[in-house]
1. With respect to B:Thr22, determine if the residue is over 26 Å from B:Glu161 (Cα atoms) and among the hydroxyl-bearing types (Ser, Thr, Tyr).
2. Between A:Thr135, A:Thr144, which is touching a helix residue (DSSP H, G or I) at 6+ places or on another chain (Cβ under 8 Å) and of a type outside the set (A, V, I, L, M)?
3. Just checking, how many residues over segment A:183-232 are over 21 Å from B:Leu236 (Cα atoms) and within 12 Å of chain B (Cβ to nearest Cβ)?
4. Can you report the number of residues in segment B:292-317 which are among the hydrophobic types (A, V, I, L, M, F, W, C) and free of Cβ contacts under 8 Å to residues at least 12 places away in the same chain?
5. Note down all Cβ pairs under 9 Å where the first residue falls in segment B:243-259 and is more than 14 Å from chain A (Cβ to nearest Cβ), the second is among the acidic types (Asp, Glu) and surrounded by 16 or more Cβ atoms within 10 Å (Cβ to Cβ), and they're at least six residues apart or on different chains.
6. Can you pull out the residues in segment A:260-282 that are farther than 20 Å from A:Gly152 by Cα, within 23 Å of the chain's Cα centre (by Cα) and facing chain B (nearest Cβ under 10 Å)?
7. Among the residues of segment A:291-312, is any closer than 21 Å to A:Arg141 by Cα, of a type in the set (A, V, I, L, M, F, W, C) and either in the same structural domain as A:Ser232 (by TED's automatic domain parsing) or under 24 Å from the mean Cα position of the chain (by Cα) (or both)?
8. From the list B:Gly221, B:Gly185, which one is out of contact with any Leu (no Cβ under 9 Å at 6 or more places or on another chain), touching a residue at least 24 places away in the same chain (Cβ under 8 Å), assigned by TED's automatic domain parsing to the domain that holds B:Asn291 and of a type outside the set (D, E, K, R)?
There are 2 protein chains.
Amino acid sequence: MDIAHPYLMFLGDVHDQLAAKTAHGIVDWRREWCLGQTRLPGCQADLGLPEMTIAEGVAAGAKTLIVGVANAGGVLPAHWVATIVQAIEAGLDVASGLHVRLGQIPEIREAAAHNGVQLFDVRHNDQTFATGKGTKRSGLRLLTVGTDCSSGKKYTALALERAMRARGLDADFRATGQTGVFISGHGVAIDAVVADFISGAVEWLAPAAAPGHWDLIEGQGSLFHPSFAGVSLGLLHGAQPDAFVVCHEPTRRTMRGVTHALPTIAEVIELTVRCGRLTNPAIRPVGIAINTKALGEAEARALLAELAHEHGLPATDPVRYGVDVLVDRLLADFPESGRV
Amino acid sequence: MDIAHPYLMFLGDVHDQLAAKTAHGIVDWRREWCLGQTRLPGCQADLGLPEMTIAEGVAAGAKTLIVGVANAGGVLPAHWVATIVQAIEAGLDVASGLHVRLGQIPEIREAAAHNGVQLFDVRHNDQTFATGKGTKRSGLRLLTVGTDCSSGKKYTALALERAMRARGLDADFRATGQTGVFISGHGVAIDAVVADFISGAVEWLAPAAAPGHWDLIEGQGSLFHPSFAGVSLGLLHGAQPDAFVVCHEPTRRTMRGVTHALPTIAEVIELTVRCGRLTNPAIRPVGIAINTKALGEAEARALLAELAHEHGLPATDPVRYGVDVLVDRLLADFPESGRV
């Protein structure tokens, strides 16, 4: 899926900012793509963007209406449909992160067909992929991996893209989850792909590229998560990363949604190298990204220093301290990294 | 899916026995469920079953028409449709292993709706599963794993079911592939499940059971296969096996469909234990199953003896020498194994 930007952000009438988490993520990373926000009466989320009607958004040049909100039950409230149909009639594509597919709502399906616009459901995937081949492709690839789900893998990959581009490096974020797909306008929600095609979908997502080009691939789950490790392994094999960064939330005691303890960072490094060698014998860790939100300044600094020493890798909190130490290490380890 | 038996086997007019491989597998393992075969003029496959018309099959008590053949392109030939519709009108369910879904053919879809029969597409899966939880369930489980795809995992699990039942043990084959689903009348084609639900689907397939009951779970792919390892890992975590058997084809040099070398049996054992411990800390290998078809008698015996010695595990060719040595080991290692 290639979602055309700029975007007009539709927030419906959700009851809090958390319900618009995806939309906030898009604004955080692609402010320049977000022209304005359209809200219904009573909406409690606010992206801090100019308020716009559909007509104003279209006049400003919007290409796609983004439904980047979550609501209870994952359904599309009936009173949101009129706004979406209005956008379609004004010629906008619509991209949604809801569980329900846009095309399941007859008014939306018919309006889209009638007006020749595209509907994107980023949680779903109907694309046909080849099975993975595991053949080495040209170009450089970095994968963010984790000790658990929701440990900063998307944030770290996006922060690396921003920092690398700021240094003139040739680097692209590659989205494997729904928020990431909105942020890059491209990608595949890898957990929605049919199991046989996990690695093949990633081979499609991060194809052969110029020798010095970096694909920064958003990781998913964890090789140690009993619900999702299959996704993580297929993603690792398809990504065939030259480098990986381990993401970790140090105050978490059990993995998301289950009762299993988190693996150690050392275990994640060891198993990632062990399995990743299948499709890239030169795979190596290049850093550690820690979410230190729950720690004081001294505590955070001490933890990062300790981890850096223990693993012989740069360790940072991408939110608090940026990712320059990771980029420095990447450039040192991969002098072939290219500039744009 | 629960496919009602006995079966009437429909072979269309396929051009050779190989195209009816799935149907042959069903007859090999469930002869007692197969009442007869229905063939179109020119059919070159023969299951050695009594020839029957649809009406004769129904009169004999058939519950389901099985389309257990492969044809070029995976489509359903137009001239097969009339026979399938005739079966539906006679009250039979229809189960197909073709890539195309039965319900995509309007005449079949409408006949099924009109006559209230069920259509099963064993290559597809529309069932909703929960994500895997990784919580230990009661009962005993064995998983067949492999150095590659197509290395005898289904055959070994079925042979174990037969041998264990012959000794009065409480054991059930659990199908994770299309032929296996036909053979057990139940199961899930695990490679067709959405990636997020691989381990969850296996938890559904092999649920909590009596303490001494064995589920014999059909493995898929290999942890070392660059196309399918994600499926294999999710299957391992969902199966949480107490015991596993490694299946291997000793003359194969590269993995199916790719250029990668096969892993060694020792590597498969080590990585299976390493990853399997996540959901069953007591996981252990109980044997090795080798396809010795390409070897002479002396050579086969020597290889099995050598492997048994090297790994400290019973080694057999299930086709050539049966699986009694594997059952002996299972009973020795798991004295809690129950009888029916």
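The values are calculated or read from the model by the stated rules, or taken from the named source; none is laboratory data. What you are looking at is a predicted structure, and each value in this text was computed from that prediction instead of being measured. We place every Cβ from the backbone using ideal geometry, glycine too, and count neighbours over all the protein chains shown.
1. Numbers: over 26 Å from B:Glu161 (Cα atoms): no; among the hydroxyl-bearing types (Ser, Thr, Tyr): yes.
No, not satisfied.
2. Values: A:Thr135 fails: touching a helix residue (DSSP H, G or I) at 6+ places or on another chain (Cβ under 8 Å).
That would be A:Thr144, the only listed residue that is touching a helix residue (DSSP H, G or I) at 6+ places or on another chain (Cβ under 8 Å) and of a type outside the set (A, V, I, L, M).
3. Looking only at that region, the number is 5.
4. So the answer is 3.
5. B:Cys247/B:Asp148; B:His248/B:Asp148; B:Glu249/B:Asp148; B:Arg252/B:Asp148
6. Passing the criteria: A:Cys275, A:Thr279.
7. No, segment A:291-312 has no match at all.
8. Values: B:Gly221 fails: out of contact with any Leu (no Cβ under 9 Å at 6 or more places or on another chain).
From the options B:Gly221, B:Gly185, the qualifying one is B:Gly185.
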